[in-house]
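All remarks here apply to the structure that follows.
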Amino acid sequence: MKQRIFFIPLLVNSQEWCPAGAIWHYGANFIFMSGYHLISYDKDTLINSVPCKRLNKSVFLTKAATSLLRKYENGSEYTYSDLNKVYIFKHNKVYTVYDFSANVGDLWIVPEIRRYTTCDTNGIVKVDSVGTITINGQTLRYIVVSQQDVAQQWDWNFKIIEKIDPVNGYLLPEKLEYCGMHLDEFPEGGKFRCYNDSASFFYTSNIAPFCDYVMSDTEHKELVVTFSVYPNPSQGSFKLNIGNAVFDKITISDLAGNLIATLVSPFHDEIQINNLVLGIYMLSAMRGDKIFVRRKIIITLL
């Protein structure tokens, strides 16, 4: 007898899970290839009469010997949410991926992310800590989780923040082994780079100079580690350290994306920003029209 899966309609999502324009970037590095994973909101759809979000997954890669960047499709995922949880439809079942109402010590089962597999399909996570954090003026809940079935090759040891989700790992539970994969399927997983959506919410982990970064690991590390702005927070005067990195200009914008100031090379050691109100701003170091490094700067009261 064929089993049918039924979804129960839930309350409106208060944590704004996957709004219009939601895009996540993650690093991607394979043998002789590098690039990035991109997961994006595609459309609203219905599964058993319940509104779901379809997420499309792609990986962009370039070979070390060429600058040609190619896009590879990597399937879709179907998710939905309530006031506290994000769910995923996988293996003909509904699983909880994130639970922001969880308490320390709570456990739940998550599914692996492979499209095709003959291997284990479930992992167990445990909540180690919970709290709140303010990002872009919004107070968001977070949980820190760890995987409990280490022998089954799972990687789910992350800090997970509402809207952004894992800020030091991949959006979905990552199976470390390659058992059961098809030839047309690229391994998923990678370090979180950026999240943004159409509501102008932007967050970056700063591990890459820009979201769709595809350069060598060596250049990446040199740019990100060297570039610094201090003191931060400040009252409007910053010192800038860019080492030997070369940039055409540095822009300063508010969190809504409005340009406040543009600094053109060569740059002075000290940056004076006058008439800025108390708040958070984004400093972007650019070559041409590409952003290579982003840094958040904070203006405090005099």
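The values are calculated or read from the model by the stated rules, or taken from the named source; none is laboratory data. Note that the structure is predicted; figures quoted are calculated from it, not measured. Using ideal geometry, Cβ is built from the backbone for each residue, glycine included, and neighbour counts are taken over all protein chains shown. These area figures cover heavy atoms from the full protein model, side chains too; ligands, DNA and RNA do not enter into them. Shrake-Rupley method; radii C 1.70, N 1.55, O 1.52, S 1.80 Å.
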Rounded to the nearest 10 Å², the 1.4 Å probe accessible area of VAL130 is 70 Å²
Quick calc: nm separation of the 7 Å Cα→Cβ label points for SER200 and ASN168 -> 3.2 nm
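Which peptide among 158-166, 196-204 comes first, and what is the full order, when sorted by highest mean count of other Cβ atoms within 10 Å? Please list the in-between numbers first.
Values: 158-166: 22.2, 196-204: 16.3.
Sorting 158-166, 196-204 by mean packing, highest first, produces 158-166, 196-204.
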Per the 1/(1 + (r/R0)^6) rule, R0 = 45 Å and r from the Cβ atoms of THR300 and ASN92, FRET efficiency to 0.05 is 0.25
Between GLU73 and GLN148, the two model label points (7 Å from Cα along the beta-carbon direction) sit apart by a distance in nm of 3.8 nm
So the FRET efficiency between LYS239 and ILE133, C-beta based with R0 = 25 Å and rounded to 0.05, is 0.40
So the FRET efficiency between SER265 and ASN29, C-beta based with R0 = 41 Å and rounded to 0.05, is 0.85
